[in-house]
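Chemist: I'd like to ask some things about the structure below.
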């Protein structure tokens with residue numbers, strides 16, 4: 001093998017290694033797009049997120065997903081809207097946090 005072909009093989013191996021390492025470092029970009037914690041008229045201390053989300057998700061048929069996202073939103077926004085649906089205007093952070101597809105992240 002000539003020195004040029006050895007160099008070419010090493011270069012290809014390096015490119016493959018870089019691609020593999022970059023592929024393993026994917027992350028959820030939605031966490032970078034968290035809205036700032038804004039004004040709220042329905043505050044919830046983070047220690048009470050679980051009970052507030054139990055109430056919020058009590059009427060849904062997708063309870064596990066609802067609880068997961070509600071608790072994530074509550075811990076970040078420090079509020080949960082009253083009732084089981086809608087009424088998000090009392091918490092701008094909870095209302096404005098969207099997925100990459102533009103749909104509401106918080107139930």
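Values in this text are rule-based calculations from the coordinates and carry no lab data. A quick note: this is a predicted structure, and the numbers were derived from the prediction, not measured. As a convention, Cβ positions derive from the backbone with ideal geometry for all residues, glycine included, and neighbour counts pool all protein chains shown.
Chemist: How far apart, in nm, are the 7 Å Cα→Cβ label points at residue 60 and residue 41?
Modeler: Distance between label points: 2.4 nm.
Chemist: Also, quick follow-up: Of the listed peptides 87-97, 40-50, what is their order by residue-averaged count of other C-beta atoms within 10 Å, with the highest listed first?
Modeler: The peptides rank, most packed first, as 87-97, 40-50.
Chemist: Then there's this: When only Cα pairs under 8 Å and 6 or more residues apart are kept, what is the percent relative contact order across region 30-96?
Modeler: It comes to 43 percent, rounded to a whole number.
Chemist: If only Cα atoms are counted, what is the Rg of region 30-96, and what is its Dmax, in Å?
Modeler: Reported Rg and Dmax, both Å: 10.9, 30.
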